[in-house]
Amino acid sequence: MQIVHARHVRLPARPRPDWLGVNQSLYQDLLGRHGRQVDETLLARGSFHTHQDLADALLAEALPRQPQLILVAQALPDLLPFTAVAPYIDHLLHGNGTQTLCLGVSQTGIAAPFVALRIAAAYAGQSPYRDAAIFILEQATLPASRPGVDAGNLADTGVLLLTGSGGGGRHLPLHVRRAPDAATLESLVREILAQAPGDAPEHVILGHALPWEGLGVPVTRARPDQYTTGVWSALAALDPPVRRVLVADADPGSGDYHLAVLASPATAAH
């Protein structure tokens, strides 16, 4: 399985929609079960896009191939919590009557995109689902604060990773791993980098909760106004693809520490 195409979007804030008020009673019901209240000040600072809006923006241009497996990965809830986004994307891509498999990955924090990559890899051996689209969606309007998330400085962002077989790939996922803590993750990254030939062009992409220094290779750090999408936006923007990319992200609030090692297909073949 290769990542054959990647793109990312960032949507500007828009005025608060009238329909948002209908959802506030739902937000309060959900929060009230935990003794919390809707944070009106925080809600008012949102930019008021939905996951459907992000999917529309990611699909504004045609895809180079049509996926038969659609994965929607989200670490934060949608502004419209009862919207089935993966089937909506399927309809945009294929209309009605297709055999597309639609899956959602949620309630896993920043692990969601890493889990989605592992799911795509598991399905890649089955001919109907060799081509997959991973949509990493993050909307910035939250009714209450969340641990590790600077909701007041969050942007509406989305990333699309298209995976498949054959030539022309950008990156080939070699390993997708979880670490129990930040120290173990850092040691793992440094060990992998130390095993590489000295003349091999490599790159590390770090989530903003990983302030490591002295890795000895170029480092891109996720933007502070992105929570889950930051490292994946950086991957999508990385051009030209390098020999090997290490994508590491962390959510200290939930204890999630993850690493994806991606190689260029030419490198992996040797």
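The values are calculated or read from the model by the stated rules, or taken from the named source; none is laboratory data. Given the structure is predicted, the values throughout are model-derived calculations rather than measurements. So basically every Cβ, Gly included, is an ideal-geometry build from the backbone, and we count neighbours across all protein chains shown. In case anyone asks, the SASA skips ligands and DNA or RNA and just uses the protein heavy atoms, side chains included. Shrake-Rupley method; radii C 1.70, N 1.55, O 1.52, S 1.80 Å.
Quick look at the numbers
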| read-out | value |
| --- | --- |
| Accessible-area value, Tyr123, 1.4 Å probe, nucleic acids and ligands omitted, Å² | 60 |
| Per residue accessible area in Å² of the chain, where ligands, DNA and RNA are left out and the probe is 1.4 Å | 45 |
| Size of the chain as Cα extents on the principal axes (Å, biggest first) | 57, 47, 29 |
| Percent carbon-and-sulfur accessible area, region 170-261, ignoring ligands, DNA and RNA, probe 1.4 Å | 52 |
| Ranked packing of 154-161, 79-86, most packed first, by mean Cβ within 10 Å | 154-161, 79-86 |
| Estimated dipole of the chain in Debye, rounded to 20 [Cβ of Lys and Arg +1, of Asp and Glu -1, Cα centre] | 360 |
| Relative counts (whole %) of C-alpha pair distances in region 1-162, using bins that are 10 Å wide | 10, 38, 33, 16, 4 |
| Anisotropy class of region 170-261 from Cα gyration tensor, a/c 1.5 cut | oblate |
| Accessible-area ranking of Glu61, Glu191, Glu202, largest first, probe 1.4 Å | Glu61, Glu191, Glu202 |
| Assigned charges on the beta-carbon of Lys, Arg, Asp, Glu; region 1-159 dipole about Cα centre (debye) | 300 |
| Solvent-accessible area, 1.4 Å probe, carbon plus sulfur percent, for region 1-162 | 50 |
| For peptides 214-221, 109-116, 49-56, sequence by mean Cβ density within 10 Å, most packed first | 109-116, 49-56, 214-221 |
